[in-house]
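Structure first, commentary second.
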Amino acid sequence: MKYFIDLTNNKVLIIAAIAWFVAGVLKVLVELRVNKKLTISRVMGAGGMPSSHTSTVIALAIALLYYAGPESFEFAIAVIFAIIVIHDAVGVRLETGKQAKVLNTIMFETEAFKELDFEQQLKEYVGHTPFQALVGAIVGIVVSIVMILILK
């Protein structure tokens, strides 16, 4: 029980989790505004606006900067982790989504593939544009600063 209580008192973890949740809620609201449909699953979904991956790792890094300091190994790990995650989101996963879109078009719109039984489309929204990552970073910065002030 003490372990769970210790986790719930971890300010860095709380800040990162709240940044992730806020970005997820914003994804739902953006989806509602743009596509006129309420898709609650967007909270947990990959891709979309803003990048919850980016908001989470940026909030994590800022929280560690504040609580552990710029010279700490925790902050250093968080910065490297953030660089890798953001690079992956706007690089590898964005390209994967583009490839999935092409493959879905081939599989579902090309006569040669219509006789094959594909169960479902490949996920096309797995990565982020640089702008989505930038907005995610802004969400992470704002959430971390607000939460640091609240949790003081």
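Miscellaneous remarks
- The requirement of being surrounded by 16 or more Cβ atoms within 10 Å (Cβ to Cβ), modelled with pLDDT of 90 or more and under 20 Å from G47 (Cβ atoms) is satisfied by V85.
- Filter pass, L103 being modelled with pLDDT of 95 or more, more than 19 Å from P130 (Cα to Cα) and either open to solvent by 80 Å² or more (accessible area, probe 1.4 Å) or not β-branched (V, I, T) (or both): no
- Against the conditions (1) open to solvent by less than 50 Å² (accessible area, probe 1.4 Å); (2) of a type outside the set (V, I, T); (3) at pLDDT below 85, P50 satisfies every one except (3).
- Residue among G91, G127, G136 that alone is modelled with pLDDT under 70 and either over 23 Å from V12 (Cα atoms) or touching a Pro at 6+ places or on another chain (Cβ under 9 Å) (or both): G127
- Residue list for the range 1-44, restricted to those being open to solvent by less than 20 Å² (accessible area, probe 1.4 Å) and at pLDDT below 90: K27, V28
The values are calculated or read from the model by the stated rules, or taken from the named source; none is laboratory data. Being a predicted model, the structure only gives us computed values, none of them experimental. Reconstructed Cβ throughout: ideal geometry from the backbone, glycine too, with neighbour counts over all protein chains shown. Side chains are part of the model used for accessible areas, which takes the heavy atoms of the whole protein and leaves out ligands, DNA and RNA. Shrake-Rupley method; radii C 1.70, N 1.55, O 1.52, S 1.80 Å.
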